[in-house]
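A.B. asks: Input: one structure, supplied below.
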Amino acid sequence: MPLFLVRCQLEVQGSPEVFEAFVKTCELCSGLQSSGKVKDFGAFADMSGGAVIVEAESEEEVRRFVESMPVKPFVRTEIKRLLSPEELKSIASSAKPR
């Protein structure tokens, strides 16, 4: 199943409400990590946002997850599909001149 990177960048100044939303989002991710849906997650060291690696069938499924994150009202999000090492090797080998 494909992996996706969800990058969240704060759009507002930090406040107790924003911090609480981050904590709740971490709790949500932790619960989904035990089921295998979330592979990893964390906040940026400068507290400007964070990232989540999600396993999903489609980008639409990831978008639904993003919409459910408590921190969503405070962040701009970007979703990127990650290539597996096998996919990358396949692309690289097909790009080689013959």
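A.B. asks: Inspect the stretch 58-77 for any residue being more than 22 Å from Leu10 (Cα to Cα) and hydrophobic (A, V, I, L, M, F, W, C) and give the result as yes or no.
C.D. replies: no
A.B. asks: Now a separate question. Going residue by residue through the stretch 32-51, is there one that turns out to be of a type in the set (Lys, Arg), touching an Asp or Glu at 6+ places or on another chain (Cβ under 7 Å) and free of Cβ contacts under 8 Å to residues at least 60 places away in the same chain?
C.D. replies: Here is the first cut: in the stretch 32-51, the ones of a type in the set (Lys, Arg) are 37, 39.
Checking which are touching an Asp or Glu at 6+ places or on another chain (Cβ under 7 Å) leaves us with 37, 39.
Next, from what is left, pick out any that are free of Cβ contacts under 8 Å to residues at least 60 places away in the same chain: 37, 39.
Yes - at least one qualifying residue is present in the stretch 32-51.
A.B. asks: Out of all the residues in the stretch 71-87, which are touching a Leu at 6+ places or on another chain (Cβ under 8 Å) and either β-branched (Val, Ile, Thr) or in a loop (DSSP other than H, G, I, E, B) (or both)?
C.D. replies: Of everything in the stretch 71-87, those that are touching a Leu at 6+ places or on another chain (Cβ under 8 Å) and either β-branched (Val, Ile, Thr) or in a loop (DSSP other than H, G, I, E, B) (or both) turn out to be Val75, Ile79, Ser84.
A.B. asks: Looking only at the stretch 11-49, filter to residues that are in a strand (DSSP E or B) and at pLDDT below 95; which one of those is surrounded by the most Cβ atoms within 10 Å (Cβ to Cβ)? Quick ask: steps written out before the conclusion?
C.D. replies: Of the stretch 11-49, the ones in a strand (DSSP E or B) are 38-43, 49.
Then keep just the ones that are at pLDDT below 95; that gives 42-43, 49.
Values: Gly42: 11, Ala43: 16, Gly49: 18.
The residue in question is Gly49.
The values are calculated or read from the model by the stated rules, or taken from the named source; none is laboratory data. Just so you know, these numbers come straight off a predicted model, no measurement behind them. Cβ: placed from backbone, ideal geometry, glycine included. Neighbour counts: every protein chain shown.
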